[in-house]
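Structure first, commentary second.
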Amino acid sequence: MKIVTYNVNGLRQRVVQHGSLKKLLDALDADIICLQETKLSRQDLSADVTMAQGYESFFSCTRTTEKGKTCYSGVATFCRVTSAFSSQETSLPLYAEEGFTGLLWKSGRKENIKIDFSLDGLQVGNEDLFKVDSEGRCMITDHGHFVLINIYGPRADENDLERVRYKDLFFKILQRKWESLLGQGKRVCVVGDFNIAPAAIDCCDPRPGFEDNPFRKWLKSLLKEFGGSFVDVFRALHPEREGAYTCWPQNVGGEEFNYGTRIDLILFSGPCFHQSDDEDGHTFLRCHVKECDILGQFKRGKDNIVRWNGGRCTKLEGSDHVPVYISLAGVPDVPVHNTPSLAARYIPEVRGWQQTIVPLLLKRPAQTDPERQETDGSTSQNSQACFGSGNNSQPSKLQNVGLRAGKRIDKRMSSQLTIQSFFQKHESSSSDRASASASAVDVFCSHVRVSGRGGSECSESTEEEEEEGEGSQDKNSFALLEWQRIQARMQTSLPLCKGHKEPCVARFVKKSGPNIGRGFYVCARAKGPASNPEANCGFFQWAFQKVKPKKA
């Protein structure tokens, strides 16, 4: 039996990249596949992301309406089976449960509901318990010989006390749940993205006080070498392997120099399947674990992925995580059973989506590229707004452009400024305008547009103007000359980093605080270990001095 855990960073995006859900699952080649960060709400559960021939699926979706948390998390467990009915396969669970507490599937009332395990000492109410389960971070499946818990651990900034409390409560309830299962004599396997690196060897650049993090201390306390009952299977098999990471920060191009962390884990607790009193000679790890490793070469997108190019992170074509797997041997069959009622095949939304033929009869927009439709988010309503509707509407120049330009037309019709408008502040010569644009703030903003998405936006605007007619050619030429003049000025005004003597890249402060919105320059290279001279040298320089408020 093979079990895989994989943070997909958006299940629908991964399905599009691989061509279909079945192709994605087949590429992972496992009996049980645990996915995290599916980013699906219950309304998003359509057959194309839940149903694949030869697999049964179980989803936990986000139910929260909190700002920034809707369609953010979500987990799913896919089980490869030959039959969904009267099966003896261990991969098909006997029972499935969404969340820890059972509040999601019990009666709609959240008051006075008794949960199935002890929470003595936590002093939490049902509202807090329901909140823990409402973000879609846990799916539990009982496979007879072991219980599999698929989790997506919350991330919490140490300054965000509310999320720190949520994360603390999440892991405490998780611990109570598996303690209850272990007390019933069950074997427990916990897999997923914990968002916690167990030790310094699992982090490329551990900061001072790394080991003192309370969540890291908690995770260590679970392991057998620290008095707990769980085994970190990968680290038990590869105790000295360094640089074994499963996640890389995409905003700094971490994968180029393997600047990452190992936060996708497989933990196991319980005895082996052999009936023996010799605990030293018969352990689950020794008797049944054939292999556990990181699938570093797994193809996460259609093409070879270039994540760092010219000092900026390109569009991520795949997940920022890689899968981790465990292979087990000697796992017996289980009694004959059917698919649990929580399976996606029984969800009303999915079942209704499969059976109705109404979508096949609806008039669809003349969109030829489904991938572009997915990324652009264009709809038939947008098309009608751009091109007119009804039989009496006359063809226009916009119609001749075709639906391919629908998104760009939407931008222009929503009063988006063209590049020419940036050079009409006052009546002066073109040289004066170029000189004026070289002020500290204007030049910095131009740097950001080039290092980010400014160049592509400029080319889109130019294409739009060309569609306006013959009179737009002069405007395009003027805009192009001005843009080239600005770029030439920027190349000479960009500061050089001290480590490599190369032009820096411009950034804005996005984190809330006194410096939010302020510009700065940093080394353009990808982040890497401090010992690697080819990686980011850590250069930093503010783009312009912060204006101090005058004293009254």
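The values are calculated or read from the model by the stated rules, or taken from the named source; none is laboratory data. Fair warning: this is a prediction, and the values are worked out from it, not measured in the lab. Neighbour counts run over all protein chains shown; Cβ positions are idealised from the backbone, glycine included. Just so you know, the surface numbers come from the protein's heavy atoms only, side chains and all, with ligands and any DNA or RNA stripped out. Shrake-Rupley method; radii C 1.70, N 1.55, O 1.52, S 1.80 Å.
With a cut-off of 19 Å on the backbone N, the residues of the stretch 40-58 near the modelled label site 7 Å out from Lys23 along Cα-Cβ are 47-55.
In a fully extended conformation the segment linking Glu127 and Cys287 would gain 53.3 nm over its present Cα-Cα distance, using 0.36 nm per residue. Once all protein chains are placed together, Asp116 keeps about 100 Å² accessible to a 1.4 angstrom probe.
If the limit is 21 Å between Cα atoms, which of Lys172/Lys224; Lys172/Lys290; Lys498/Lys527; Lys2/Lys290; Lys177/Lys290; Lys131/Lys177 go over it? Walk me through the intermediate numbers first.
Working: Lys172/Lys224 18 Å; Lys172/Lys290 31 Å; Lys498/Lys527 15 Å; Lys2/Lys290 10 Å; Lys177/Lys290 28 Å; Lys131/Lys177 16 Å.
Pairs exceeding the cut-off: Lys172/Lys290; Lys177/Lys290.
Rounded to two decimals, the Cα-based Rg/Rh of the stretch 156-260, with Kirkwood Rh, is 0.98. Projecting label points 7 angstrom from Cα along Cα→Cβ for Tyr72 and Leu161 puts them 1.9 nm apart. Computed over the stretch 1-52, the Cα gyration tensor eigenvalues convert (square root of 5λ each) into semi-axes of 18, 12, 10 Å, ordered from largest to smallest.
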